[in-house]
Amino acid sequence: MMDNSFSGPMSMVKIDGSKIKQLREQQGLTQLYLATAVEVTTDTISRWENRRYPSIKKDNGLKLAEALNVQLEDILEDISEEATKEQDSDNTQPLPPSNEPNSLDTTTAKLSRNWPLLILSGLLLILGIAFFWYFFNLHAARPFAAERIMPAHCIANQPFPVIIKVTGATDTTTAVIIKESIPKNATILDTSPKVSSGGLKNMQIKWLNKIEGQAIFAYMARVSGNNTEKITFSGTAAISGRAESAITGKKTITIGLHHWADTNEDNVISDAEILSVYDRYSELTDIDLDIDLIEEIWMGSEYRWDSATATFKIID
């Protein structure tokens, strides 16, 4: 392949839009996914695929190749091949006019000779339609579910974790979009995986990611309100080729006077409760669960929440 980069105010490369579109569709990716990965708009991805912008910045080309899981060279235009096509086109001479008679009898004779080929073509078309129908239904039948897991209760203005457990097909990589709507009296403290500023706004968290089998999305939140008040959470999940669906599982959390890890609200974090915390939240290594506080309460004989000082009083 000839070098199709060129110098100028910035390093540019010539991309092959058809290759980009083919690679994206083969991997089941959306233009939105590529736009997010490269940090451009979906209109820009569409223009790249339709060759309206044949030359792009090399940095964008590298990001695009990484999002498609290929090398940069795999999405560049093959200049030597294009030059060969143009040369062949220049050397092509017009064919001389045919002297063969164009009559109804000649057409009928050709059809008579070619009817076996026509029947074979028809059978191949039917088989192709049947295969497409089977593949489409097989794809639609792939398992997919999104479940919200969060504590039954929390203390007002104290952090607690929320997990969204997503399950997809184990034999293929699937692009997924998670949208979690946040109640008006809630504040998001941290997310996992991390989201950009564009993924956390208008009281909604948005994740765009690829999963294989099972994946965990999570965030730390706190809510304000009165004792016994119930706070409701909601959200949706979607994958390619399937309509957006509501996230199942836990939807409400009740404001109270007990730590969220104290599941039976007896002012003690037992061995079973702290083991449950470690089993359920051990994968959340990039958000702060305040495990030190949970362990401190567990090591004490009991605890009380002091609303006046907004602290836990641990009794040894």
The residue that is most open to solvent (accessible area, probe 1.4 Å), considering only those in region 141-154 that are in contact with a Lys or Arg (Cβ under 9 Å, 6 or more places away or on another chain) and assigned to a strand (DSSP E or B), is 147
Check residue 124 against each of (1) open to solvent by 100 Å² or more (accessible area, probe 1.4 Å); (2) at pLDDT 75 or above; (3) under 25 Å from residue 249 (Cα atoms) and name the one condition it does not meet. (3)
Filter result (out of contact with any helix residue (DSSP H, G or I) (no Cβ under 6 Å at 6 or more places or on another chain) and not β-branched (Val, Ile, Thr)) within region 25-45: 25, 26, 27, 28, 29, 33, 39, 43
Answer yes or no as to whether residue 261 is of a type in the set (A, V, I, L, M, F, W, C) and under 30 Å from residue 33 (Cβ atoms). no
With 236, 232, 263 as the choices, which residue is within 23 Å of residue 304 (Cα to Cα) and either surrounded by 14 or more Cβ atoms within 10 Å (Cβ to Cβ) or over 18 Å from the mean Cα position of the chain (by Cα) (or both)? 263
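One line per residue, one yes/no per condition, for (1) modelled with pLDDT of 85 or more; (2) open to solvent by less than 100 Å² (accessible area, probe 1.4 Å); (3) on the phi < 0 side of the Ramachandran plot; (4) within 34 Å of the chain's Cα centre (by Cα):
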site: 5; (1), (2), (3), (4): no, yes, yes, yes
site: 21; (1), (2), (3), (4): yes, yes, yes, yes
site: 33; (1), (2), (3), (4): yes, yes, yes, yes
site: 39; (1), (2), (3), (4): yes, no, no, yes
site: 78; (1), (2), (3), (4): no, yes, yes, yes
Restricting region 286-310 to residues that are in contact (Cβ under 8 Å) with a residue 60 or more places away in the chain and not aliphatic (A, V, I, L, M), which is least open to solvent (accessible area, probe 1.4 Å)? 305
For region 239-249, enumerate the residues that are of a type outside the set (Gly, Ala, Ser) and either open to solvent by less than 70 Å² (accessible area, probe 1.4 Å) or over 18 Å from residue 214 (Cβ atoms) (or both). 239, 244, 247
Here's a check for you: in region 45-64, which residue that is farther than 15 Å from residue 32 by Cα and touching a Leu at 6+ places or on another chain (Cβ under 6 Å) is most open to solvent (accessible area, probe 1.4 Å)? 62
Could you please find all residues in region 266-292 being in contact with a strand residue (DSSP E or B) (Cβ under 7 Å, 6 or more places away or on another chain), within 20 Å of residue 221 (Cα to Cα) and either of a type in the set (Ser, Thr, Tyr) or at pLDDT 95 or above (or both)? 281
Output the number of residues of region 191-229 satisfying the condition of being over 29 Å from residue 38 (Cα atoms), open to solvent by less than 10 Å² (accessible area, probe 1.4 Å) and among the hydroxyl-bearing types (Ser, Thr, Tyr). 0
I'm told residue 263 meets every condition in (1) part of a loop (DSSP other than H, G, I, E, B); (2) more than 18 Å from residue 149 (Cβ to Cβ) except one. Can you identify the failing condition by its number? (2)
Unique residue being touching a Lys or Arg at 6+ places or on another chain (Cβ under 7 Å), at pLDDT 85 or above and open to solvent by less than 40 Å² (accessible area, probe 1.4 Å) when the list is 169, 175: 175
Filter region 266-285 down to residues that are surrounded by 17 or more Cβ atoms within 10 Å (Cβ to Cβ) and either in contact (Cβ under 8 Å) with a residue 60 or more places away in the chain or farther than 25 Å from residue 157 by Cβ (or both), then give me how many there are. 2
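The values are calculated or read from the model by the stated rules, or taken from the named source; none is laboratory data. Model, not experiment: these values are computed from the prediction. All Cβ positions, glycine included, derive from the backbone under ideal geometry; neighbour counts span all protein chains shown. Just so you know, the surface numbers come from the protein's heavy atoms only, side chains and all, with ligands and any DNA or RNA stripped out. Shrake-Rupley method; radii C 1.70, N 1.55, O 1.52, S 1.80 Å.
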